[in-house]
Amino acid sequence: MTGETDFSVVENIWEIRGTIRAETPLRIGTSSPPPTTGTRAAVLQGYNAETGNYEPFIPGAGLKGVLRSNLERVARSFDEGLSCVLTNEQRQPCGRPECLACGLFGGMKAAGRVRVQDSRIVGEKGFELTDERPHNRDRYDGRGEYYRIKPIKGGRGFRTEEVILPQNFSLNIRVDNVSEEEIGLLLLALSEFNHRRAQIGGGASRGHGFASVDVSEVVRKEVKEDAKEFYNLTETPRHPEELMKKGMNFLLTNRDNAHTGKDFSVYYRATDSSISGNIVCEIEAICETEFLLKGDSEGNTVNVQGMPVIPGSTIKGFLKKHLARDWNVSRIDDIFGPSNPKSGHRSRVLVSDFFNPEIEGTKRIPAGSRLKGWIVFDNMEERDIGEVLQVLGEENQITGNTAAGKTRNTRPFRNRVRFKVEKAWKFTLTDFARDVSTRLREV
Ligand SMILES: [Zn+2]
């Protein structure tokens with residue numbers, strides 16, 4: 001990040017430093033794995049000259065891409081004209097001078113002013129990569145009004161892929177020649193991770209990529225007008241909260257023509273405090289019985305680095321199957337994404353892995369355990385969110401063959417879980433994390 005800085009064109013330099021803490025496993029795939037790995041679904045690794053090892057990392061370019069789409073989405077929720085949007089289909093930036101995303105991240109001709117360094121593992125924790133999980137491929141036949149679900153014979157296999165396990169990574173961003181408002185906007189884009197509305201890497205629909213960003217330092221370096229020399233750089237630490245307020249004020253004073261659709265380029269219903277829109281819930285999973293989901297050949301339950309988890313994909317799989325009895329094909333497709341992923345949009349429901357670091361042993365999660373996780377409802381209607389939460393609030397057997405264990409009264413003694421909303425927040429224009437916990441409990 002240092003190096004060829006031309007101080008005849010640089011007026012100011014901002015540096016943002018901090019830590020990224022992965023809260024769930026990260027999945028950053030590569031098509032060209034390093035020589036040390038043999039798996040097909042390998043993660044991106046880089047050579048660390050200090051340790052002499054290949055280590056997983058978060059590529060700066062990838063993080064920058066997520067930051068750009070965070071900014072696009074936030075800005076467009078205020079006013080469509082404030083930012084263009086890059087999607088898989090439309091990858092061309094607009095390059096308009098008033099476009100916030102193009103201004104910071106680069107447009108047609110202008111180079112971006114944001115440089116994001118690769119994020120490296122911080123600390124001694126080390127890493128382990130292979131994640132093996134049950135992978136249940138039920139077949140959803142959607143030719144009628146309702147789905148008919150047919151288990152595929154032998155369809156209960158294992159998905160083995162490499163993931164980066166939860167730990168800390170460095171965060172280093174440098175931005176040249178921008179205003180305080182623009183740095184504030186970038187910090188707001190970063191804080192989308194903390195609101196759980198943005199994930200790093202792939203597999204978000206399976207619960208991967210939830211992360212927290214802790215900004216420890218924002219420094220503004222300025223070149224003095226009279227002497228553009230390196231040694232005349234003044235360095236001023238700035239308060240991130242104050243800068244974010246300036247970013248917010250900029251958005252609020254420039255809101256005029258908000259795009260109000262339900263697609264993922266905006267936050268839906270961002271001007272009211274209803275329970276429709278983008279709602280994130282922090283949830284407690286209460287195991288009414290022991291929980292066991294065979295995760296490897298040694299009979300351990302699915303675990304992440306020796307910490308047993310209820311996988312997000314298992315919870316989501318249960319939900320879809322349960323709701324498909326009452327919801328017709330188009331409603332299921334709208335909320336969970338279509339069975340044919342080539343048509344339509346991604347799932348509106350994201351479920352993270354559920355953890356409790358205090359649970360000991362990896363054979364099972366004992367009855368009475370309480371685990372924590374998040375569910376994101378992305379641009380959904382109150383009615384749908386309410387019905388999903390109602391199902392989750394009841395005690396359900398969320399996975400497993402009931403033949404695995406039945407008591408005399410035929411009540412399966414395993415994998416019965418109920419979920420309780422601890423906190424819920426919504427994206428609104430005046431408060432990016434408006435507390436809607438109380439209203440949600442009334443739905
Ligand atoms: Zn643009």
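The values are calculated or read from the model by the stated rules, or taken from the named source; none is laboratory data. Being a predicted model, the structure only gives us computed values, none of them experimental. For neighbour counting, all protein chains shown are included, and Cβ atoms are generated from backbone atoms with ideal geometry for every residue, glycine included. Heads up: the accessible areas ignore ligands, DNA and RNA and are worked out on the full protein's heavy atoms, side chains in. Shrake-Rupley method; radii C 1.70, N 1.55, O 1.52, S 1.80 Å.
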All-but-one check, V349 against (1) outside the structural domain of F413 (by TED's automatic domain parsing); (2) in contact with an Asp or Glu (Cβ under 9 Å, 6 or more places away or on another chain); (3) free of Cβ contacts under 8 Å to residues at least 40 places away in the same chain, failing number (1)
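Restricting attention to strands (runs of 3 or more DSSP E) lying wholly within region 51-169, give those where 2 or more residues are open to solvent by less than 20 Å² (accessible area, probe 1.4 Å), over 20 Å from V213 (Cβ atoms) and more than 16 Å from the ligand (Cβ to nearest atom).
Values: elements: 53-56, 114-116, 130-141, 148-162.
Because the criterion is at least 2 residues that are open to solvent by less than 20 Å² (accessible area, probe 1.4 Å), over 20 Å from V213 (Cβ atoms) and more than 16 Å from the ligand (Cβ to nearest atom), the strands (runs of 3 or more DSSP E) in region 51-169 that meet it are 130-141, 148-162.
Just to be sure, is T19 at pLDDT below 90, open to solvent by 20 Å² or more (accessible area, probe 1.4 Å) and of a type in the set (S, T, N, Q)? Please lay out each step first, then the result.
Working: at pLDDT below 90: no; open to solvent by 20 Å² or more (accessible area, probe 1.4 Å): yes; of a type in the set (S, T, N, Q): yes.
Answer is no for this residue.
How many of the residues in region 185-204 are part of a helix (DSSP H, G or I) and not aromatic (F, W, Y)?
Quick first cut of region 185-204, residues part of a helix (DSSP H, G or I) only: 185-194, 204.
If we keep only those that are not aromatic (F, W, Y) too, we end up with 185-192, 194, 204.
Counting residues in region 185-204 that are part of a helix (DSSP H, G or I) and not aromatic (F, W, Y) gives 10.
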Residue count, region 143-172, condition out of contact with any Ser or Thr (no Cβ under 6 Å at 6 or more places or on another chain) and at pLDDT below 90, comes to 19
Residues of region 248-269 classified as among the polar types (S, T, N, Q), within 20 Å of the chain's Cα centre (by Cα) and open to solvent by 50 Å² or more (accessible area, probe 1.4 Å), total:
0
